[in-house]
Every structure is written in C-alpha cells, then in structure tokens.
Amino acid sequence: MAQDKNPPTLPIPEDKKERFEKIKAKFIEIYGEEPKFFSRAPGRVNLIGEHIDYCGYSVLPMAVELDIVMAVSPDTQGQISLVNTDPQYQSYNVDANQIVITKDVPHWYKYVLCGIQGIKEHFQSDTLRGFKAVVDGTVPRSAGLSSSSALVCCSALSMLKANEWTMSKEQLAEVCAKCERFIGTEGGGMDQAISLTAVAGKAKLIEFNPLRTQDVLLPPNAAFVVGNSLAEMNKAATPQFNTRVVECRLAAQVLATSQEGVKWREIRRLGELQEKLGYTLDEMLNLVTSKLHPEPYIKQEVCEILEVTPEELVETSLSANTTHVDSFSLYNRATHVYSEAKRVVQFKAICDQQPGNALEQLGELMNQSHASCRDMYDCSHPDLDTLVEVSKANGAVGSRMTGAGWGGCTVSIVNAEKVSSLLAGVKAGYYQPNPDKFSKVDEALFATTPGGGAAFYIAQHRNILFPIVH
C-alpha cells in the first residue's frame, strides 16, 4: 500500500518510446553517458474552481497528456547541470549547496531550482547529490496549463530519486506548492497536487489544509477541448496574480472586522473566515453584499478600517510585489471566490449523481465560472472571451478560461461525438482569421482526456537480454 502513496516507477509507454529515445540521445550527446532514469510531470487543465485554491477552497482539475520529462543521472559531486532540448532556453550549472533564486526574471531553470531547493530544505541532509538533466517539455509556456508547476514537480522528483529519498505524492505536492514561492508566485497548491496525484481517466477534487484528493468520474459522453488563445501572460513576471491573492486576503480581513469575536489579524483567507463563522457559502455571499461596497477600496480606507498604518499593512496583508498597489476590488473578488467555491461543490455533486443531462449542467457551471472570472475577478482577456464564444457557437455545451488567466487557454466541455466538428469550427472561427495564430493552431488546439500523474520511468540500457528458462 505504501508503494501506491509514492510516485510510481513505470515502463515507458509504447507510444512515448520515440520521444524518450530522442531525449536520451540528447543526454548522451551532452554528458557522454546514458541517463539512469526519467522523471515526468504533467500539466493540467482546471475544469472549475479558478483562483480559489489560495483562498482555502477545493478545486476540480484534471491532468493533461502534455508534460515535462527529464532524463537524469545523479551527480555525487553535488553539481546541478541543466540542458533544455529547446535551444531558446539557456543551459545552467550550479552547486546544489549554493542555489540562489532571485525573483527578477523568471528564467526556466529557476523553476527547476525551486524544486531542488524545496526537497533540499525538507530533508536537511549533510550529504547531497546533485544531478545532470536534459529537460524536454510539451506544455506550452504561459498558457495556463501549468508548465511552471510541472517543471517544479519534475525537478523535485529528480532530486528525490537522485538522493534515494522517498516521500508520498501528497507530501511532495505540499513541498512543491511551498517552494514555488522562492520565485515569487503565491499559488494555492492545485497545480502541484494534480500533477503529482492524477489518475488516468479521472478528474480530481482537491481539498487543502491538509491536502486531500478524491477521484471524480466524469460523464461517459464528456470530452474536453483545450484552446490556447495565444495571448501570453507570465504569472511570476506580473503583479496581477499576486494582487488578486492580496485582494482576497484584504477582503477576508475587512469582512472579519464586521464580525463579533473574530480577530482580523488571525484571518488570511476567505475560506478561514467562513470556517470561523460556521456559515454556508450562500451566507458568505450575503455577508459580502451587506458588508462590502462594490466600488474599489483605496489603501487609505483599508488602513482606516483595519486601524493600521500603510507600513503595518505591508506586514499584515501585502506581499513584496504588491506594496505599490493602491486600489483593491474587495467586493468583486470575494463574490467570485464564494460563488466559484459553490460551483465546485455543484460540479462534483453532478458528477457523483450522473443525471441524464449531466453534460449540460456541467457546461452551464463552466459558463457561469467564465463570466465570474471575466466580470468579478478581471482575469480574462478579450482573446479568451472571443475563444469562449466561438467554442460555444460550434457545439461546446460549456467553455471557460482556465489557469491564472490574462491570456492562456480555454477549456470546453462537449459531447464526445461532436469533438471533430468543435475542433474544425474553432479552427476556422478563431485561428484562421489571424495568420500568426493560424500558423500555431496544431499545437494550440487539441482534444484531451484526463491523463495520469507524475512518475519515474526506467531508462532502457543497452543490456543483453537472456531468455527465461522455465
């Protein structure tokens, strides 16, 4: 049973052997030796539950087949050597004991270093191996499919195995969620949890604090189409994402001041406030309506409500890269979070009950989710909104932005029999009018099923195989 809890070691699937061979050949070309093992971590698409994991609420993602794969050999000298198969990404070398991760430019290798550093800090070992790696990725960058977290997870797996340490998938997910903060991203842990714990053919309900996961069986006629809007947004390079985290924290703290017996300084998340009050999600939505005003709050007003100076507000509520923000949309952000948390509960209940019109009900929840992301959380993008509308016009029963937003991807739910016509319609309606986007359509638009989670794969060495004598 313990084995099930740890990342599995699997044979390389037949349809992936050619890719793994290419990665191995690159490894031999660079390092003059064969890799000892491969690590793999998938990207993900969040079906529903956007921007609520860091507020303490459950989310419902599935892993996609796109992934990060690393060919790895341990380095007993403690050196980390990283080469990317994509030549646009520079190689990087560092002593594992001297890793420094700066928050300025989010270079690809810094996400690898986050994973290494997280594992290193967890085990606090005197003896430390590094590793040599060739890294190959099929998850598009800054598309909202969690390429960065897949890179962190894959790196952490590699560091784990290089040092012959073990930990459960859930423990590893919590370490990986924390260590992305080294680069300045304040996520909630969904991306790492789904990448590490996904089960092929199923979505997952992921709950936090502590991390718990439940398999979710989707309707048998459900298929999913992911479309990259090709409007890029880098999560760590812009304060937008971290501003939303802070707005949610401030909304929780300002709401807390209106409630008897609640100390606002002890509240960090909207979910914590609900738990403290013992309210339903509907009651929390009513509280938001009655206690917060729809217009944005300026910093001075927040300071007056909380009875703190601007300097103290930095300590109690803001993050390093949001100290300059002067306006906070507390009503809209809290309304989105509580209504989206409710939609996740409804989505899971529909999947459990599987009524005859399950597909249509799930699609409607996804449509509501997109509207809330667009109007209340301000994290959509005109291209995403267009892609959602084109998808719905071509047979999707529901469509929404997925991931952090401000660009990136949509996910659409469609009857499995209509996947081909949806793909053709979106290709013609969204990509074809723009020659630049149309040139990338083959990578940008694809149907996907729920993929399996992170794993190790045995590097096939050129050994002579002897027949088994019975």
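The values are calculated or read from the model by the stated rules, or taken from the named source; none is laboratory data. Keep in mind that this is a model prediction, so the values were computed, not measured. Glycine gets a Cβ as well: all are built from the backbone with ideal geometry, and neighbour counts include every protein chain shown. Heads up: the accessible areas ignore ligands, DNA and RNA and are worked out on the full protein's heavy atoms, side chains in. Shrake-Rupley method; radii C 1.70, N 1.55, O 1.52, S 1.80 Å.
Residue pairs whose Cβ atoms lie under 8 Å apart, sitting 6 or more positions apart in sequence or on different chains, and linking a residue in the stretch 48-69 that is on the phi > 0 side of the Ramachandran plot to a partner that is in a strand (DSSP E or B) and not β-branched (Val, Ile, Thr), are GLY49/LEU60; GLY49/PRO61.
Scanning the stretch 14-51 for residues that are of a type outside the set (A, V, I, L, M, F, W, C), touching a helix residue (DSSP H, G or I) at 6+ places or on another chain (Cβ under 9 Å) and surrounded by fewer than 20 Cβ atoms within 10 Å (Cβ to Cβ) gives GLU33, GLU34, LYS36. The residues in the stretch 56-74 that are touching a Phe, Trp or Tyr at 6+ places or on another chain (Cβ under 9 Å), under 16 Å from VAL345 (Cβ atoms) and open to solvent by less than 10 Å² (accessible area, probe 1.4 Å) can be counted, and the count is 2.
Filtered by the rule that a residue be open to solvent by less than 30 Å² (accessible area, probe 1.4 Å), touching a helix residue (DSSP H, G or I) at 6+ places or on another chain (Cβ under 7 Å) and modelled with pLDDT of 95 or more, the stretch 245-258 gives VAL246, GLU247, CYS248, LEU250, ALA251, ALA252, GLN253, VAL254, LEU255, ALA256.
Would you check which residues across the stretch 139-186 are of a type outside the set (Val, Ile, Thr), crowded, with 21+ Cβ neighbours inside 10 Å and modelled with pLDDT under 85 and list them? Of everything in the stretch 139-186, those that are of a type outside the set (Val, Ile, Thr), crowded, with 21+ Cβ neighbours inside 10 Å and modelled with pLDDT under 85 turn out to be SER142, ALA143, GLY144, LEU145, SER146, GLU180, GLY184.
Conditions tested, residue by residue: (1) in contact with a Ser or Thr (Cβ under 9 Å, 6 or more places away or on another chain); (2) loosely packed, with under 14 Cβ neighbours inside 10 Å; (3) in contact (Cβ under 8 Å) with a residue 24 or more places away in the chain.
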{"site": "PRO296", "(1), (2), (3)": "yes, no, yes"}
{"site": "LEU306", "(1), (2), (3)": "yes, no, yes"}
{"site": "SER317", "(1), (2), (3)": "no, no, yes"}
{"site": "ALA341", "(1), (2), (3)": "yes, no, yes"}
{"site": "VAL344", "(1), (2), (3)": "yes, no, yes"}
{"site": "ILE350", "(1), (2), (3)": "no, no, no"}
{"site": "PRO355", "(1), (2), (3)": "no, yes, no"}
{"site": "LEU362", "(1), (2), (3)": "no, no, yes"}
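In the condition set (1) among the polar types (S, T, N, Q); (2) at pLDDT below 95; (3) assigned to a strand (DSSP E or B), SER125 is compliant with all but (3).
Table: residues versus (1) among the small types (Gly, Ala, Ser); (2) closer than 30 Å to LYS103 by Cβ; (3) assigned to a loop (DSSP other than H, G, I, E, B); (4) at pLDDT 95 or above.
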| residue | (1), (2), (3), (4) |
| --- | --- |
| GLY271 | yes, yes, no, yes |
| GLN274 | no, no, no, yes |
| PRO294 | no, no, yes, yes |
| ASN332 | no, yes, no, yes |
| VAL337 | no, yes, no, yes |
| ALA341 | yes, yes, no, yes |
| CYS351 | no, no, no, yes |
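Among the residues of the stretch 364-384, those identified as open to solvent by 40 Å² or more (accessible area, probe 1.4 Å) and in contact with a Lys or Arg (Cβ under 8 Å, 6 or more places away or on another chain) are GLN368, MET376.
Being on the phi > 0 side of the Ramachandran plot, at pLDDT below 95 and open to solvent by 10 Å² or more (accessible area, probe 1.4 Å), is that true of even one residue in the stretch 98-116? Lay out the reasoning, then the answer.
As a first pass, look at the stretch 98-116 and keep what is on the phi > 0 side of the Ramachandran plot: none.
Taking every residue of the stretch 98-116 in turn, none turns out to be on the phi > 0 side of the Ramachandran plot, at pLDDT below 95 and open to solvent by 10 Å² or more (accessible area, probe 1.4 Å).
Residue under question is LEU277, and the condition is that it be under 19 Å from TYR377 (Cβ atoms), of a type in the set (A, V, I, L, M) and either out of contact with any Lys or Arg (no Cβ under 9 Å at 6 or more places or on another chain) or surrounded by 19 or more Cβ atoms within 10 Å (Cβ to Cβ) (or both); does it hold? Answer is no for this residue.
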